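Accompanying notes for the structure given below.
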Amino acid sequence: MCHYEDQKLVTQPLPVVEPAPANTREIVACASAQLERLTATLAMRCARNGALDSTALDTHQILSYELAFAASELLAARILLTAPGTSDGSLHNVLAGVFAADAVPSALARLAMIAREIGYDLGAIQAVGAGPAYDALLAGGSTAALEDAGVRLEEGREPFAEVVVSHEVEMARDAFRRFAADVVAPLAEKIHRHDLTVPEALLGPMREMGVFGLSVPARYGGTAPDEGEDNQAVIAITEALSEASLAAAGSLITRPEILTRAMLAGGTEEQKATWLPKIAVGDPLCAIAITEPDCGSDVASLSLKGTKVEGGWRLNGAKTWCTFAGKAGLMMVVARTGTEKGHKGLSILLVQKPSYDGHEFEYRQEEGGLLCGKAIPTIGYRGMHSFDIVFENFFVPDANVLGEEGGLGRGFYFTMQGMTGGRMQTAARACGVMRAALNAAFSYAADRKVFGRPLGDYQLTRAKLARMSARFAASRQLAYHVGAMLNEGHGQMEASLVKLFACRSAEVVTREALQIHGGMGYAEEVAVSRYFVDARVLSIFEGAEETLALKVVARGLMERALKTLNH
């Protein structure tokens, strides 16, 4: 059996785990135990006086990156293998085996690399990947298993990626899937190919359906509970809308989500009462201005300057990748209002402006301030448009500082509170894009004839579809699992972990879906080409993959390990 050793012993070489685990779940548990011990060993390498040291962490960036992905692979495997409502021999369990056969060797290889670099007992990791039980795990990805899964997927009679949710969440998901199919999907290709702004034909019905108030508590006019959170409903609705269009529907929720959570964390009661009812009904629409030209995900290095003047602040500087900045009437702007370096000098300012259609705008205040923006041409994620924006002596009143005087210097904290929800939504968006790509791949494989036979009859096609479906199922189960964790008040690090995993998975799944389409997949008129280019942005925004892996996931894992060791 595999035992979780006292983590205070990790400074010493660990014994080989014997005997080998008896089944796939135990192998995942053993690999996870090695991950924990290895994390603690690496954490001590990066610690000074009992706390993680940034300089030491930077000398181990490669190892931290591998650690984060190993953690995501093993957690996804564990959640998929233990999902409720499945039975032996079910398609779900077959796909869980397919995923484990890919994910566990990948995770062990990452852990072995880390072990070699830091002198950890390599034999303990190698023992997990040895013996009859591990051979049985690998058999889950055998030719026979892949082909069997492919055939059953083609038949389409068995559910395989369903999650257990409340009746209310299920009803909301079904309603938004119907809306997405009937209203969003017919417009999605035109918006993408002609680089249009999301039209009122979509925004109007989405306002009526309450999309913009999913995170706004009911007491402020939204649909979220007044106490606690309902992250699974947000995930379900985001996923349903993203299946039809990432940029024209699924991503519309993210900006009000981030601003709402930041406001709930730091806004005054008057600010909440003023703004949250308006955000809930989508009037005004929202944008988030964080990233700057010279610093991407490094929020602590932001330099947009807020200078105190009578009655408010003057903003001078630039932001970039500000999605929906033209259409939005309210922007959450992170600016440097203090003299302190790093995150301590940052505040959030609520910038009001008229709503503009099109790819450029210029707004001049009566006080003489200027705010102008220009959309950045992109290969995908079209519809909302991401803007470069410039502030010149732009005036913001004191009442629009989030938290007013008490919120000065606390903008970094409020922003991070908002980003947790944004990252969960991004994972849900990835799941929606994966579902769309999978459906397109299955349809094309059934219809397309190659050498006199349907493409889906070939063994390699079935294997591709099986692996794609397994990765989608893992991403989906993990997203809803972490959503439930957040509902209980924890799981902030896991929100970044699931974003890391699901977004990388969306790239893999959409790539394979396009490949199954062959040359037709490369044509703009075929939807799978849109899924492919849209999916590519998922690992970049709401926290770039590298930043999340190093600064959030790996660091969070090591902080937990040090806390355990110190107690």
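The values are calculated or read from the model by the stated rules, or taken from the named source; none is laboratory data. Given the structure is predicted, the values throughout are model-derived calculations rather than measurements. Here the Cβ positions follow ideal geometry from the backbone for every residue, glycine too, while neighbour counts run over all protein chains shown.
The table below lists the values:
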{"read-out": "When residues of region 27-58 are limited to those that are polar (S, T, N, Q) and within 21 Å of D135 (Cβ to Cβ), the one surrounded by the most Cβ atoms within 10 Å (Cβ to Cβ)", "value": "Q34"}
{"read-out": "Hits in region 127-148 (condition: part of a helix (DSSP H, G or I) and closer than 12 Å to I27 by Cα)", "value": "A127, V128, P132, A133, Y134, D135, A136, L137, L138"}
{"read-out": "Some residue of region 462-471 being more than 17 Å from the chain's Cα centre (by Cα) and surrounded by fewer than 20 Cβ atoms within 10 Å (Cβ to Cβ)", "value": "yes"}
{"read-out": "Check on A181, buried (at least 17 other Cβ atoms within 10 Å of the Cβ) and touching a residue at least 40 places away in the same chain (Cβ under 8 Å)", "value": "no"}
{"read-out": "Among (1) under 26 Å from the mean Cα position of the chain (by Cα); (2) of a type in the set (G, A, S); (3) under 30 Å from E546 (Cβ atoms), the one test that G267 misses", "value": "(3)"}
{"read-out": "Matching option when the condition is in contact with a Phe, Trp or Tyr (Cβ under 6 Å, 6 or more places away or on another chain) and either on the phi < 0 side of the Ramachandran plot or not assigned by TED's automatic domain parsing to the domain that holds I79 (or both), among A172, A247", "value": "A247"}
{"read-out": "Helices (runs of 4 or more DSSP H) contained in region 218-320 and holding at least 3 residues more than 30 Å from K344 (Cβ to Cβ)", "value": "231-244, 269-280"}
{"read-out": "Residue among A68, A83, A22 that alone is in a helix (DSSP H, G or I) and either modelled with pLDDT under 95 or in the same structural domain as A109 (by TED's automatic domain parsing) (or both)", "value": "A68"}
{"read-out": "All positions within region 25-61 that are part of a helix (DSSP H, G or I) and free of Cβ contacts under 8 Å to residues at least 12 places away in the same chain", "value": "S54, T55, A56, D58"}
{"read-out": "Options A495, A554; residue that is touching a Leu at 6+ places or on another chain (Cβ under 8 Å), modelled with pLDDT under 95 and in a helix (DSSP H, G or I)", "value": "A495"}
{"read-out": "So S539, is it surrounded by 24 or more Cβ atoms within 10 Å (Cβ to Cβ), within 15 Å of the chain's Cα centre (by Cα) and small (G, A, S)", "value": "no"}
{"read-out": "Residues that are closer than 14 Å to L80 by Cβ, out of contact with any Phe, Trp or Tyr (no Cβ under 7 Å at 6 or more places or on another chain) and crowded, with 23+ Cβ neighbours inside 10 Å, drawn from region 478-504", "value": "A479, Y480, V482, V498, F501, A502"}
{"read-out": "Single condition T339 does not satisfy, out of (1) in a helix (DSSP H, G or I); (2) more than 30 Å from R536 (Cα to Cα)", "value": "(1)"}
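Here's the yes/no breakdown for (1) among the hydrophobic types (A, V, I, L, M, F, W, C); (2) under 28 Å from the mean Cα position of the chain (by Cα); (3) at pLDDT 95 or above:
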position	(1), (2), (3)
R382	no, yes, no
H385	no, yes, no
I389	yes, yes, yes
F395	yes, no, yes
L402	yes, yes, yes
F412	yes, yes, no
G418	no, yes, no
G422	no, yes, no
Q425	no, yes, no
